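Notes follow once the structure below has been shown.
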Amino acid sequence: MKKHDVYQQILEVAENFTQTKGYNAFSYRDIAEQVGVKTSSIHYYFPTKADLGQAVVKKHIEALCDELEQLILTKNFSCQKKLELFIDGIVTKTYLSNQKMCLGGMLASDVLTLPDIIQKEVRVFFNRLEDWLKRLLLEACNKKEFCLEKKAIASETQLILSLLEGSLLLARLFQDEKYLTSTRRNILERLIRV
């Protein structure tokens, strides 16, 4: 197995464990069993679990930001369509993929037990999501696509993220997708001009 492949597999398995079990619920031994390497191979790339966690979040942020930037730059989509794709992307890549949680949300729930470097990255993750949503909501205000005043963009952004993260938690707890579908519908109904 090539070094780059092992490195990527370690990151993917650690991300999956974080999203399904939580950061504190897995060890290097668990990752080693999944990847098919010794724990010393993991320590070669990531001397500490904090180093691994930081790398997982950074990789996730980079991939997500690339996707979101492409979405915001898409000219032939309405702001409503962009918001729908944003919501559906979170739902599809998390809950509908083996009832995973949002990586940021899962880590945020463990924030008091996380190393400082991971706490910082989780905050960066949510700041980037908020920034993107604010850009989208501002675009929608300028185009008069949403029923929203510019002065309410910051609070609406926080509300949308809170609703999405909360609905993921409840859907997982009750194993019921209706929390996700009703949250999606409610977010859109609040914003869309009739």
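The values are calculated or read from the model by the stated rules, or taken from the named source; none is laboratory data. Quantities reported herein were computed from a predicted structural model and do not represent experimental measurements. In this analysis, Cβ positions are derived from the backbone assuming ideal geometry, glycine residues included, and neighbour counts consider all displayed protein chains. Ligands, DNA and RNA are excluded from the accessible area calculation, which covers all protein heavy atoms including side chains. Shrake-Rupley method; radii C 1.70, N 1.55, O 1.52, S 1.80 Å.
Computed from Cα positions, the angle between helix 116-143 and the longest principal axis of the chain comes to roughly 20 degrees.
So, R0 is 22 Å and r is the distance between the beta-carbons of R128 and K75; what FRET efficiency does that work out to, to 0.05? Show your work: numbers first, answer last.
Details: r = 22 Å, r/R0 = 1.01.
Given R0 = 22 Å and the Cβ-Cβ separation, E is 0.50.
Note on region 72-182: with charges restricted to the Cβ of Lys and Arg (+1) and Asp and Glu (-1), its dipole about the Cα centre is near 380 debye.
Nonpolar atom fraction for region 1-89, defined as the carbon and sulfur part of the 1.4 Å probe accessible area, stands at 50 percent.
Compared with the dominant principal axis of the Cα atoms in the chain, helix 79-93 is inclined by about 30°. In order along region 150-161, the Karplus-derived 3J(HN,Hα) couplings, from 6.51 cos²θ - 1.76 cosθ + 1.60 at θ = phi - 60°, round to 4, 5, 9, 4, 4, 5, 5, 4, 4, 5, 4, 5 Hz, and Gly and Pro are given as x. Ordering T74, A50, V91 by the projection of their Cα atoms onto the charge dipole of region 49-146, which places +1 on the Cβ of Lys and Arg and -1 on the Cβ of Asp and Glu, puts T74 at the extreme positive end.
Taking only protein heavy atoms and a 1.4 Å probe, what accessible area per residue, in Å², does region 82-152 have with all protein chains in place? If you can, show how the numbers build up before the last one.
Details: 3540 Å² over 71 residues.
Averaged over the residues of region 82-152, the accessible area is 50 Å².
A simple rule links phi to the HN-Hα coupling: the Karplus curve 6.51 cos²θ - 1.76 cosθ + 1.60 with θ = phi - 60°, which for region 52-57 gives 5, x, 4, 5, 4, 5 Hz, with x for Gly and Pro.
Taking the Cα centre of the chain as origin and charging only Cβ (+1 Lys, Arg; -1 Asp, Glu), how large is the dipole, in debye to the nearest 20?
Dipole magnitude for the chain comes out near 340 debye.
Once a ≥ b ≥ c are taken as the square roots of the eigenvalues of the Cα gyration tensor of region 100-183, is the result rounded (a/c under 1.5), prolate (a/b larger than b/c) or oblate (a/b not larger than b/c)? Could the numbers behind the result be given before it?
On the way: a/c = 3.21, a/b = 1.35, b/c = 2.38.
It comes out oblate by the Cα gyration axes.
Would you compute, from DSSP H runs of 4+ residues alone, the mean residue ellipticity of the chain at 222 nm, taking -39500 (n - 2.57) per run and dividing by the full residue count, rounded to the nearest 500?
Calculated from helices alone, the mean residue ellipticity at 222 nm is -24500 deg cm²/dmol.
Projecting the Cα atoms of A152, V124, L107 onto the charge dipole of region 93-161, computed from C-beta unit charges around the Cα centre, puts A152 farthest toward the positive end. Across region 24-32, coupling constants 3J(HN,Hα) worked out from phi with the 6.51/-1.76/1.60 Karplus curve, θ = phi - 60°, read 7, 9, 9, 10, 4, 4, 4, 5, 4 Hz, and Gly and Pro carry x.
The Cα center of region 51-75 and the Cα center of region 165-186 differ in position by 23 Å.
Computing the accessible area with a 1.4 Å probe over protein heavy atoms, can you report the carbon and sulfur percentage for region 119-194?
Carbon with sulfur: 52 percent of the solvent-accessible area.
Hey, what angle do you get for helix 3-20 against the long axis of the chain, alpha-carbon based, 0 to 90 degrees rounded to 10? Tilt of helix 3-20: around 60 degrees.
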